Each structure stands twice: as C-alpha cells, then as structure tokens.
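Contents: one structure, followed by commentary.
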Amino acid sequence: MGTRGTWHRQRPRRVVLLLALLSAALLAAAPAGCGDSGGAGSSAPPEPQASPMTLKVMEFNIEYGGTQVSFAKVVEAVEKAQPDVIGLEEAETNTGRLAKAAGYPYWSNATQVISRFPILEPPDAKGNYVFVQVQPGYGVALANVHLPSDDPGPQAIRRGASVEKVLAAENEVRLPYIQTELEVLPPLAEQGIPTFLIGDFNAPSWRDYTEEVVGTRDYMKYVVEWPVSKAVEAAGFTDSWRAVYPDPLKSLGLTWWAARPRVDGWNPGPNSPQDRIDFIYSAGPAKATAAQLAGEEGGPEVTFAVDPWPTDHRGVMTTFEVTPGPLPVMVAVSPQVATVADPVTATYKAAEGGAKTLAVVRAGGTPADALESPAVAPGAESSGSLELATQALGPGDYEVLLVGAGDEVQARAPLWIQKPGAKPILTTDSTAYGSAEPIIVTWKNAPANRWDWIGVYEKGADDPNVDSYLIWQYTGGAGSGTSAGTVSGTLTMDKSTVEGEPWPLPTGDYVLYYLLADGYEWVAKTEFRVK
C-alpha cells in the first residue's frame, strides 16, 4: 500500500493471505458460486482412503486488481496455465471476478484464493490459511502471503550497502511478518497434510545468491543468506522451483519485474534489479515434478505467454504429486457474511461416529438454543454439505454448530447476517483531538476481509488510489465477525499501534477511510481534526 513508485509496490505491512486444506464437503452437486462454495444437500458416506494425485498450484501477483493493463489478459494467463489452485496478490476486490471469468467455481475473497475444489476457511485459522478439499474428506493446506516491500535488498546492494546492513533490514522489515505462518503450518504437514506456503515474498532466496552466482549480475556482489527463505526452509518447507531446477546458473526463474506496457504510476526502469521473489514452498507429502512461468512474450523461461502481459510480476506454477491428508473435525460456512434470506452452505467433517445435526445459534449459544437444525445423516468419519435457510434469521452475529450424539458440540463456525442493502459505517469517538491523543475508530457492516484496513489521509485527499496515506492499521481481529476479518469492531490508533508516519499527527484536518482487501477501494469515511 502507499505511494506508487516503490520497488514493486509499497503495501501495508502485511498483505498476506494464506491458503490451507481443501474442504471436507461432498460438493459434487454443489452449485458454483459466490465466494467460496456451493451447497450439496445431504451428508456423505464414510470417506475412502485418499489416493495420490497431481495438483497444480499457482502464485500470481496481478498488480492493483489486475486492471492496470487489461483484466482480460489476467484471465487469459490463468486460462493458459490451467492451475488447480491459485493464490493471488494485489487482487483487491477482484478475486471472485477473476474466478468467474476464468471458470473456477470456488474462491475466497478474504484470503484471495481461487480453486477448482471446495475451499474452507477453518475458524481457528483466523484467516491465516484455508482448507481446500481435493477428495471427499481429504485435502491440502495452502497459506498465501505478501510480505512488505519496504527497503528492497537487491536495490540496497546496488547502492553499495554491506551484507550486514542488508540482513539487518530483512530481519526487521520482512522476517517478522512470516512468523505466524511458520508456527501454524508445520503441524499440518506433520499430520500428513500436503502444505503449501506461497506468495510474493518481496525478497530473493538464499539459493539464488550463492558463491557461484556472485558477479553474474551487477547487484549480486556477495553471498546473501536471505533470512526469510532460510527461515521457511528451516521450518521444513522446500523451494519447489529449486527442487525442479536446482542450478541457479541454468535457471533464474525471474518473477519480478515483468515487461508489461507502461502505465500511470510506477514502471520498472532498465536499472531495476530483477529477481525471483514469488515462491511456492511445500511441506508434507508433496513432490514437485514441474515448474513453469507465465509472462510476457519472449520473457526468460516463460512457458505461458500473453501479449500484452498485464502485471509487473510473472506468475509461477508448480505441478506436484500429492497424497491428500485427512481433514480435521470442523464446520465451515460460505459465505461467512450473508444478507438476510441469502443461501448459506455449511460444510463439515464429523468426528468418528458422525454427527446428527447442524445447529444455527446466536453467537455463544448451545444446541438447545438452535434457531435452525438441519439433520445430518450419521456415519463414521462422515462429511458433507448442507444449505442453511436464513429467511428467519434477523441481522446479527451467529454460529453454526456441528452437533454429535448427546448434543456434543464437535465444532463451531461464525456466521454474520446483515440487513439487505446495509452499508459500512465508520466513526471516531471525537471530531477533534489533541496532539498525540489516541484516535478510537469504530465501524459496522464491513465485508470482513482479512486485510481490510483503516487509512488516515490529509483532508482533501479524495482518491486513496492516488493520494498517499499517512498512518494506517488493519481491522482484522479487532471486533466481531468471521474467522478472517471483522464485520463490526473498534481499534485504537496511537503510537503503539499505527504503521506509517508521522505520529503524532500535526495540527490540521484529516480524512479517515475504510479500505478493502489491502487495496485502495474505500467503502466508508469520516473526518476529524488535530488541534
């Protein structure tokens, strides 16, 4: 986020999304759609054992929603590559649009993931990964990240920075923003679930800056053990591109920058370092067998060429041989934020012995408080999907409970119901603040994307996509809503919480925006003054 004209794009500190296990649903009969899954109707019989299969995983930064050059060309790139699962960066609010245009039935706006297979967002993942079901009851885990672009290392090397200075910057700027993934993903792989960590890491790999590579490009002046790549591999992940192409002298695999047409705003210059900064890492029972790039006509190592190329990144795709892992006991709903009377699909994986019902309750309720209780056919390790009626549910915060014998609650999932036509509302606790006084921000009726954010601009900044923000903060985890983001919530902006500068804000008038999905589309705003 931020001003245009940085290394590839200045983002909020952590644009990151993560993908994970494919859902436990029987969605063969599910209608395609809306944001993440369709509904089947009846529960599944016990699942057979998982079978080995081929899975194509793509990482694709489409740049500013994919509309800088041609959205149709973004669609064409996906159609040519034909991946099974895609993690998008800079999709902004166009994840579903791309999925529908390219013919993919499942997508998650909150985590910017597109899939041929059902996607589940497990409540306890808190938006850090999703489950994607590739076989009934079995799936893979995939986390989608976009690390900060501040202080790009290759540029610092070109300017003459020492290796010590470069490593210090990487340890401060990027390494902290991958720690959550490195904590929550390895246990999934240890359980026998193929686990993928993909994204735009905004830093190269240590495998590309070895002794034999030094001097082959003017900014490769010395060996660099890039901290993020070292940490990811130390956590048990394999760099899939280097698994297929181990020699960095024979295969560079450059993903940034790509030669797209010039656009208003940032454009790469001839002296901008080119590097491999988009990665597909794997752990668990997944073996990389092929790796390819999608990019511009004539681009180095490009297999899937599109002219004109629509983004400043090349897409990278790896083909894996995987054995899907068993999904955990869980229930997930799609969409997680619905309008009154909209259909909602609940997908579940029951404990051994099965489940008897799905209970819709007010948040915090018990099976005895059920407002709706569709029956689930019991069966050992049963999984399936049911469509939940919402006509009788008023606006509010609900949960869907997976209930077993004896009214045992096996799992819970959040569900938010909004009024038809409800629009986001953004307010502050005051219209005027003293210097350094905390600013308390409250919002309602938000779409609950994991990386929605609040940005403060000088008054008169009417276009956040053009003007530069001063300070900002993510909304995720700051209120009541879904597993990924918050429908309504409150946060405090002060010295300890905000990103950006300056703090305290100078005397003057300001506008505060609620912006969507780590992009610059705003849905609510309010104004305040610093005295």
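Please treat every number below as a calculation from the coordinates, not as lab data. Small disclaimer: the values here were computed from a predicted structure and weren't measured. A quick note on method: Cβ atoms are made from the backbone with ideal geometry, for glycine too, and the neighbour counts reach across all protein chains shown.
Of note:
- Distance between modelled label sites at GLN391 and TRP503, nm, 7 Å Cα→Cβ extension: 5.0
- Viscosity 1.002 mPa s, temperature 20 °C, Stokes-Einstein D of the range 330-418 from Kirkwood C-alpha radius, µm²/s: 170
- Stretching ASP150 away from LYS495 to a fully extended chain increases their span by 122.2 nm, per 0.36 nm per residue minus the current alpha-carbon distance.
- Between THR427 and ASN267, the simple spin-label model (points 7 angstrom out along Cα→Cβ) gives 4.7 nm.
- Rg/Rh for the range 243-360 (Cα atoms only, Rh after Kirkwood) is 1.17.
- Here the contact order of the chain, divided by its residue count and restricted to Cα pairs under 8 Å and six or more residues apart, works out to 17 percent.
- Burial order of peptide ranges 79-88, 138-147, 208-217 (average beta-carbon count within 10 Å, highest first): 138-147, 79-88, 208-217
- VAL214/GLU190 FRET efficiency (R0 25 Å; Cβ-Cβ; nearest 0.05): 0.10
- Along each principal axis, Cα extent of the chain, largest first, Å: 68, 62, 39
- Listed by chain and number, the aspartates and glutamates whose C-alpha is less than 12 Å from the C-alpha of LYS459, apart from same-chain residues fewer than 8 away, are ASP467, ASP509, GLU527.
- Each principal axis of the Cα cloud of the range 74-135 was evaluated for its coordinate range; sorted largest first, these ranges are 35, 29, 14 Å.
- Each 10 Å bin from zero holds the following percent of Cα-Cα pairs in the range 55-326: 7, 31, 37, 21, 4, 0.
- When peptides 310-318, 96-104 are sorted by average Cβ neighbour count within 10 Å, with the highest value leading, the order is 310-318, 96-104.
- Long-range Cα-Cα pairs in the range 425-530 (distance over 24 Å), rounded percent: 15
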